[in-house]
Amino acid sequence: MDVVKKRERQFETFIIAFSFVVFVSLQGLCFSYAASAPPSAEWSRTVEAASKEGQVNVYMYATWGQAIQSANVFQKAFPNIGLSVVTGSVTDLSQRILAERRANKYLADVIVIGVNVSRALLKNNMLDPVKSGLILPEVTDESKWWQGKHLYADPDDQYIFKFSGIPQYGSISYNTKLVKENEFKSIWDFVNPKWKGKITARDVTRPGPGNGAMRFFYNSPKIGPEFIKRLFGEMDITLFRDGRVGADWLANGKYAICFFCSSDSYKAASQGLPVADFGPMKEGGGLVSGYGALVMPKSAPHSNAAKVFVNWFLSREGQLTLQKALTSAHEEAPDSLRIDIPKDDIPVVNRRQENIEYMDLDSREEWMRRDGYLKLVKSAIAKNPKE
């Protein structure tokens, strides 16, 4: 009898264990199915239609476009959609787009460029909403983005999608042999007479690097026009126009401090030269998108392929591809507004920090204007034309 009871208990134990294994297995199957759930019908239709179109034309800032195309990740993901990237400076691309539209040529499917140009295109009624073209759940899920929302640079929050948010602390670099970083706690330390004649800066009367920093200086209530007047009017600054020149001067010790040459000084630092960038000062920072604004032009020749590219580019894979490709090309990678990707490839000075309050300098049109600080700089240059 004891033997029978023992066997019954063994059988019960077996049944319980077997049931648990089956339960766990079914749970695993359910999880696996959910993880590999088929794409939505809308996405499948869009990809199929894009494959029939066969091409997508993306207009993108020079090094960014080159990086995306050379990475070849999009082409591998969508082999039936040829990626054609038109690159150039912001000025060149904007002139090209406007010239094409005046000639009734509709060639661009997606444009990745600065906010200012994007706003000009919007004012000329040349854009379709980006928002309605977002399909992939990992893109539409705003919890994956900084501050739990998508950032747009237009009043309707639809047309100009900002995918990067680069901290702007002034874009100031220094020669590590001539300057001790801990000497600078405030932006006002840069107008200390001690540094007179030892500073060089890119000529910000021309579009390009430094204009985001100048907008921060000009509009920050803790800095403002007075700092600009003193910097350009009292510090005996030497101006340059080619960023490589400023970085070379900094690296060889001709100047101790360089304003607005951080992209080139970053390359110099990666080559082991004695240059580095200043981090945030006590006045905080601004936030700019740089070239990280995406728009979708009206009457795009490959409208479905445009949606496929936009969703891929704003996905985790797309943002990582841009980040890694730029890093491989020794270019400064922007800090994506996606918060679910690693930021190891981004220079520390370009990463947003939790303990800093940022002015979103693209959020107000009046903060985008250059005329206020340009008058101050031009006036100072006229009095001290050192170049």
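The values are calculated or read from the model by the stated rules, or taken from the named source; none is laboratory data. Predicted, not measured: the structure shown is a model, and the values here were computed from it. Here the Cβ positions follow ideal geometry from the backbone for every residue, glycine too, while neighbour counts run over all protein chains shown.
A few points about this structure:
- Residue within segment 159-166 that is touching a strand residue (DSSP E or B) at 6+ places or on another chain (Cβ under 7 Å), within 26 Å of residue 371 (Cα to Cα) and hydroxyl-bearing (Ser, Thr, Tyr) present: yes
- Residue count for segment 324-337, restricted to those that are at negative phi and either touching a Lys or Arg at 6+ places or on another chain (Cβ under 6 Å) or surrounded by fewer than 20 Cβ atoms within 10 Å (Cβ to Cβ) (or both): 6.
- Criterion (surrounded by fewer than 24 Cβ atoms within 10 Å (Cβ to Cβ), touching a residue at least 40 places away in the same chain (Cβ under 8 Å) and among the aliphatic types (A, V, I, L, M)) met by exactly one of 293, 276: 276
- Among residues of segment 177-188 that are over 23 Å from residue 253 (Cβ atoms), those with a Cβ under 7 angstrom from a residue that is in a loop (DSSP other than H, G, I, E, B), sequence gap 6+ or separate chain, pair up as 185/282; 186/282; 186/283; 187/170; 187/223; 187/283.
- When segment 114-163 is limited to residues that are free of Cβ contacts under 8 Å to residues at least 60 places away in the same chain and small (Gly, Ala, Ser), the one that is nearest to residue 306 (Cα to Cα) turns out to be 132.
- In segment 56-78, the qualifying residues are those that are part of a helix (DSSP H, G or I) and not hydrophobic (A, V, I, L, M, F, W, C), and the one that is nearest to residue 208 (Cα to Cα) is 63.
- Residue ranges of helices (runs of 4 or more DSSP H) in segment 281-387 with at least 2 members closer than 25 Å to residue 221 by Cβ and not charged (D, E, K, R): 365-368, 371-383
- Selection count, segment 351-379, where residues are of a type in the set (Phe, Trp, Tyr) and modelled with pLDDT of 85 or more: 2
- Of all residues in segment 186-221 being at pLDDT below 95, surrounded by fewer than 20 Cβ atoms within 10 Å (Cβ to Cβ) and of a type in the set (D, E, K, R), the one that is farthest from residue 170 (Cα to Cα): 206
- On the stretch given as segment 79-137, residues that are assigned to a loop (DSSP other than H, G, I, E, B), among the charged types (D, E, K, R) and touching a strand residue (DSSP E or B) at 6+ places or on another chain (Cβ under 7 Å) total 1.
- Residue within segment 197-216 that is β-branched (Val, Ile, Thr), free of Cβ contacts under 8 Å to residues at least 12 places away in the same chain and over 30 Å from residue 298 (Cα atoms) present: no
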